[in-house]
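The values are calculated or read from the model by the stated rules, or taken from the named source; none is laboratory data. All values reported here derive from a predicted model rather than from experimental measurement. Note that we place each Cβ from the backbone using ideal geometry, even for glycine, and neighbour counts take in every protein chain shown. In case anyone asks, the SASA skips ligands and DNA or RNA and just uses the protein heavy atoms, side chains included. Shrake-Rupley method; radii C 1.70, N 1.55, O 1.52, S 1.80 Å.
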Amino acid sequence: MGAVGIIAEYNPFHSGHEFLMNQARLIAGNDPIIVLMSGNYVQRGEMAIMDKWKRAKAALNSGADLVFEMPFSTAVEPADLFSLGSVEQLKKLGVENLVFGVEDANLNFAYLGSKIAEIPQNHMDFKDYSQTYSTQYNQMVAREVGYEVNQPNAILGLAYAVANYNLGSPLTLHPVNRIGAGHDDLLNRTKAVQSASAIRNLLLHGEDKEQLKTWLPKIEADELAKQEIYPNWNLLFPFLKYRLESSSVEELRNIYQMSEGLEYKMKQEIHLAESFTEFLRHVKSKRYTYSRIRRLSLYTLLNVTQDDMLDSFNDQSLMLLGFSKIGRKYLKNNRKNFETKIVSKVDKRSAKSGSLHLQVRVDRFFEQFMHVDQNFGRRPLEV
């Protein structure tokens, strides 16, 4: 069948992810399952609830053979760029199949992706600011393709399919029906599978952590229960406020994705806002989604500039977080054929430029809260 890829955040890794891993194993057989996982920052513009090493270990213990860290410049992007960067990296690793969870696996994602990719660009220039971008996108797809995209995993699945088509369709797509709770469902204690959002909310509200063992692998549940701090925007808000208050408009203008005068709006609103939720609500408009504002807030907090992201795009490498025996054999036999650089150990030389330089820099902030070095002195996990 060939190597099977999974694009993931595992924020945190739960029983629904175990189910998808098992489905991937049925497809992979004796071939490796390769996971490309977001690091300590995730696509919606937030810190991960648990560090990348512990999340990688949970994936390896549940059947992954290789876990690579997705570069920050891919991980914290809107769905189209997140998908394009991820699919391209899997292709460079020799992956032939992509497994992903969706609400309806009966949809022909490859066909829909090809049709969406062929829509003329001028049909996708949305200028009706009385409606959100996502609403206009859904309407355009329904009009052009005949299918309305209205569920989060279907939207991401189609983004994978579009990216795959634009790259020459190197991967065979394998959608799998999700089980249990939906992507953003609230906690439902009667279900064996909870959404990652519900689990994070439980942790952030200090509820009974013993229940975690119902929805997460035991080792990870124990690790999360012992964790003293769970990174979240309420914790980060004072640092964002300081950055915005102390930076000039000219400095803010250099931040990645800062456009159309948002630097003025953010400086204006941060002064009066008493929480991140309040700040988001005041900056949010029909033109910008909450996810867009969260990502921009994260870029601002971490001082990620246009040049930083360009350097990362132009010099990308993947950090190996862990491997199994099957994964080690795959690396040994195929590494010379990979079209991307693999880093097993971070040192001053490898972290001097490109995507690894940015990764190390942003992880320094994460380390201030977790008190564990995330890069230097770390070696890939082996199971």
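Per-structure values
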quantity	calculated
Spin-label zone in the range 317-335 - amide nitrogen under 20 Å from a point set 7 Å from the Cα of Ser353 along the C-beta vector	317-319
DSSP beta bridge pairing in the range 8-116, given as percent antiparallel to the nearest 5	25
Out-of-range pairs (alpha-carbon distance over 27 Å; input Lys57/Lys348; Lys57/Lys329; Lys52/Lys284)	Lys52/Lys284
Residue-span extension gain [Asn334 to Ser259] - 0.36 nm each, minus C-alpha spacing	22.8 nm
Within the range 48-64, backbone nitrogen closer than 19 Å to the virtual label 7 Å beyond the Cα of Lys325 toward Cβ	60-64
DSSP H segments from the chain that extend 15 Å or more along their own axis, Cα-based, with Kyte-Doolittle mean of -1.0 or above	15-28, 79-92, 133-145, 152-166, 233-246, 290-302, 354-370
Gained length - Lys213 relative to Gln306, 0.36 nm times residue gap less alpha-carbon distance	29.3 nm
Gyration tensor verdict on the range 1-93 (Cα atoms; rounded if a/c is under 1.5, prolate if a/b is larger than b/c, oblate otherwise)	oblate
Efficiency of FRET between Tyr290 and Ile342 - r from beta-carbon atoms, R0 30 angstrom, step 0.05	0.30
For the chain: accessible area per residue (Å², 1.4 Å)	45
Carbon and sulfur %, accessible surface of the chain computed with the full protein complex present, 1.4 Å	49
